[in-house]
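*Asks:* One structure coming up, written as structure tokens, with questions to follow.
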Amino acid sequence: MRGASLLLPAALLGTAGCLGGGPVDLRYQPGAAVRPLEGEHKPAIYVGRFVDAGGITLASGDHARLLLKRPVQDSIKEALTEELRRLGFPIAGRVGIADALLSGGLAKGEITGQERSSREAFGLVRLTIDLVVENRDGQSIWEGELNGVGDISVAGSVGGAANSALADAMAGLGPLLTQDRVVARIAFAGAKK
């Protein structure tokens with residue numbers, strides 16, 4: 001009986017991408033233009049390994065996962081690479097030429113209050129992305145967290161809300177790096193060698 005009870009939520013999540021579509025294509029769609037972070041020298045960042053702590057699940061307790069076209073960690077890595085470029089950071093093609101390594105993963109992804117009336121779906125998609133910056137020797141320089149929220153009724157679908165949540169999370173990257181003086185920390189770690 002337990003297996004049967006998971007089929008309905010899983011089926012709903014599979015079609016929730018666009019109210020009857022298929023798997024969700026989680027892709028970063030940048031919003032407004034962003035100002036590159038200030039400072040002449042930006043460290044070259046290698047965007048490394050990202051992990052998935054369980055996908056984007058229903059918060060109701062049955063933990064059915066949102067069906068995605070590709071692994072969520074690939075979407076996060078692509079989004080962070082794009083946002084770092086928009087902020088003016090050079091992206092290193094390999095660790096050996098990077099000033100720092102950025103890694104992390106999806107710590108939590110959930111759909112809360114997901115309901116569907118005869119005309120519309122509503123609820124929220126929430127994403128929490130953990131970030132770690134390390135020097136070339138693998139020593140941690142900084143840890144942070146990005147949070148994003150997408151409204152299903154505003155986006156028109158669970159898939160649209162997931163993309164909005166990813167964009168919302170990425171919008172916080174520049175302010176987070178500035179507030180925590182991450183560029184200065186990377187420079188200091190490099191100077192200590």
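*Asks:* For the range 86-109, give me each residue that is closer than 10 Å to PRO43 by Cβ and either of a type in the set (Asp, Glu) or crowded, with 20+ Cβ neighbours inside 10 Å (or both).
*Replies:* Taking the range 86-109 as the starting set, the residues that turn out to be closer than 10 Å to PRO43 by Cβ are 89-90, 92, 98-100.
Listed by number, the residues that qualify are PHE89, ALA98, ASP99, ALA100.
Quick grid of which residues meet (1) outside any helix (DSSP H, G or I); (2) modelled with pLDDT under 90; (3) surrounded by 14 or more Cβ atoms within 10 Å (Cβ to Cβ):
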{"residue": "ARG126", "(1), (2), (3)": "yes, no, yes"}
{"residue": "ARG136", "(1), (2), (3)": "yes, yes, yes"}
{"residue": "TRP142", "(1), (2), (3)": "yes, no, yes"}
{"residue": "LEU146", "(1), (2), (3)": "yes, no, yes"}
{"residue": "GLY160", "(1), (2), (3)": "no, no, yes"}
{"residue": "ASN163", "(1), (2), (3)": "no, no, yes"}
{"residue": "ALA189", "(1), (2), (3)": "no, yes, yes"}
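*Asks:* How do the strands (runs of 3 or more DSSP E) wholly within the range 24-121 filter down when requiring 2 or more residues that are modelled with pLDDT of 95 or more and more than 15 Å from ALA161 (Cα to Cα): which remain?
*Replies:* Details: elements: 45-52, 56-58, 100-116.
The strands (runs of 3 or more DSSP E) meeting that bar are 45-52, 100-116.
*Asks:* Still on this structure: Answer with yes or no whether ASP180 is of a type in the set (Asp, Glu), at pLDDT below 95 and under 16 Å from LEU80 (Cβ atoms). It would help to see each step written out before you state the result.
*Replies:* Values: of a type in the set (Asp, Glu): yes; at pLDDT below 95: yes; under 16 Å from LEU80 (Cβ atoms): yes.
Judged against the criteria, ASP180 is a match.
*Asks:* Which of (1) in contact (Cβ under 8 Å) with a residue 24 or more places away in the chain; (2) closer than 23 Å to ALA171 by Cβ does ALA98 not meet, given it meets every other one?
*Replies:* The single condition ALA98 does not satisfy is (2).
*Asks:* Right, next: Looking for whichever is touching a strand residue (DSSP E or B) at 6+ places or on another chain (Cβ under 6 Å), buried (at least 19 other Cβ atoms within 10 Å of the Cβ) and not basic (Lys, Arg) here; the options are VAL182, VAL132. Which one fits?
*Replies:* VAL182
*Asks:* A further question on this structure: Looking for something more than 16 Å from GLN29 (Cβ to Cβ) and of a type in the set (Gly, Ala, Ser) - is there at least one such residue anywhere in the range 153-168? Steps first, answer last, please.
*Replies:* Residues of the range 153-168 more than 16 Å from GLN29 (Cβ to Cβ): 153.
Restricting the remaining residues to those that are of a type in the set (Gly, Ala, Ser) gives 153.
Checking the range 153-168: at least one residue is more than 16 Å from GLN29 (Cβ to Cβ) and of a type in the set (Gly, Ala, Ser).
The values are calculated or read from the model by the stated rules, or taken from the named source; none is laboratory data. Predicted model, so just to flag it, every value in this text is computed and none were measured. Using ideal geometry, Cβ is built from the backbone for each residue, glycine included, and neighbour counts are taken over all protein chains shown.
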